[in-house]
1. Can you confirm whether region 161-181 contains a residue that is under 26 Å from residue 45 (Cβ atoms), in a helix (DSSP H, G or I) and open to solvent by 60 Å² or more (accessible area, probe 1.4 Å)?
2. Out of (1) under 29 Å from residue 218 (Cα atoms); (2) in contact with a helix residue (DSSP H, G or I) (Cβ under 8 Å, 6 or more places away or on another chain), the odd one out for residue 39 is which?
3. Scan region 134-148 residue by residue and report those that are open to solvent by less than 70 Å² (accessible area, probe 1.4 Å) and without any contact (Cβ under 8 Å) to a residue 12 or more places away in the chain.
4. Which of the residues spanning region 71-102 are open to solvent by less than 30 Å² (accessible area, probe 1.4 Å) and either among the aromatic types (Phe, Trp, Tyr) or modelled with pLDDT of 90 or more (or both)?
5. Among (1) at pLDDT 85 or above; (2) outside any helix (DSSP H, G or I), there is one condition residue 191 misses while meeting the rest; what is its number?
6. Within region 194-230, count every residue that is part of a helix (DSSP H, G or I) and either in contact with a strand residue (DSSP E or B) (Cβ under 7 Å, 6 or more places away or on another chain) or among the aliphatic types (A, V, I, L, M) (or both).
7. When you scan region 59-74, how many residues do you find that are touching a residue at least 40 places away in the same chain (Cβ under 8 Å) and either of a type in the set (S, T, N, Q) or within 18 Å of residue 116 (Cβ to Cβ) (or both)?
8. Within region 115-161, work out how many residues are over 15 Å from the mean Cα position of the chain (by Cα) and more than 15 Å from residue 105 (Cβ to Cβ).
Amino acid sequence: EAISTSLQLLNSNPSLDQPDYWNSRGQVQSTQGTVYLLRSQPTDALRSFQQAEQDYRQASNNNGILNSQINQAQALQALGFYRRALNTLTDLNPPLADRSPSLSQITGLRNLGDLLRITGDLEQSQTVLEQSLTLAQQLGDPIETAKIRFSLGNTVQAQGNTDQALNYFEQVSAQPVSPSLRLKANITQLSLLFETGKTDVATSLLADIRTQLTNQPVGRTSIYTQLVLARNLLDYAAP
């Protein structure tokens, strides 16, 4: 409702020659896109982020343009258009790397690393994610640092480096992260523990996971997590 009101106010008072007008529109459209992503409406999110980019171009706001393009890649990834998202972020990689550490830069590189893993370029995925991790540590952002370590854990797991993957997932669990990220890290960690025969540690972690699940709000993430847990229990015949 607040976003709709903002757009109505902007549309009723257009000042086409003022950058502030276009910057404001870009901010509103970016916020709208984020809301759509959170509501699992990636098609609408992509449309809003594309509109935000157009608005920022009217204002000659290069930082806004870059952030909008990063957001578009996230929406494309949510839609399953991994190659298009990868191409978008690959095109952005030089300006991302040249910028001083910022949250948008770090997020863009993390998304690029994830897409490189999904599309099979594991070595480059690790390189980009390690670069992103260094920048996140320089910026002092513990939440983004944890997200990158989770991504790195998935990449090195795909490379067959189980011990290193476990280390990354344990680091995520030890940091102040969102309950959903901790749960995802623990679920993946559980699978690796069963896989490597560390059943005692796995059984202890399983009890903790079940407690976490009871505190999760019902939604796509919690349902998906329970399905992954069920698959682990079936695969490794855990109690």
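The values are calculated or read from the model by the stated rules, or taken from the named source; none is laboratory data. Worth saying up front: this structure is predicted, and the values here are computed from it rather than measured. Cβ coordinates were reconstructed from backbone atoms using ideal geometry, including for glycine residues, and neighbour counts include every protein chain displayed. The accessibility values were calculated without ligands, DNA or RNA, using every heavy atom of the protein model including side chains. Shrake-Rupley method; radii C 1.70, N 1.55, O 1.52, S 1.80 Å.
1. Yes, that holds for at least one residue.
2. Here residue 39 meets the rest and fails (2).
3. Within region 134-148, the subset open to solvent by less than 70 Å² (accessible area, probe 1.4 Å) is 134-136, 140-142, 144-146, 148.
Result: 134, 140.
4. 72, 73, 75, 76, 85, 86
5. So residue 191 meets the others, but not (2).
6. So in region 194-230, the residues part of a helix (DSSP H, G or I) come out as 194-195, 199-214, 220-230.
Of the ones still in play, those that are also either in contact with a strand residue (DSSP E or B) (Cβ under 7 Å, 6 or more places away or on another chain) or among the aliphatic types (A, V, I, L, M) (or both) are 201-202, 205-207, 209, 213, 223, 227-230.
Residues that pass the stated criteria total 12.
7. The number of residues fulfilling the criteria is 7.
8. Here is the first cut: in region 115-161, the residues over 15 Å from the mean Cα position of the chain (by Cα) are 119-124, 126-127, 130-131, 134-135, 137-140, 156-161.
From what's left, more than 15 Å from residue 105 (Cβ to Cβ): 119-124, 126-127, 156-161.
Residues flagged as over 15 Å from the mean Cα position of the chain (by Cα) and more than 15 Å from residue 105 (Cβ to Cβ) within region 115-161 amount to 14.
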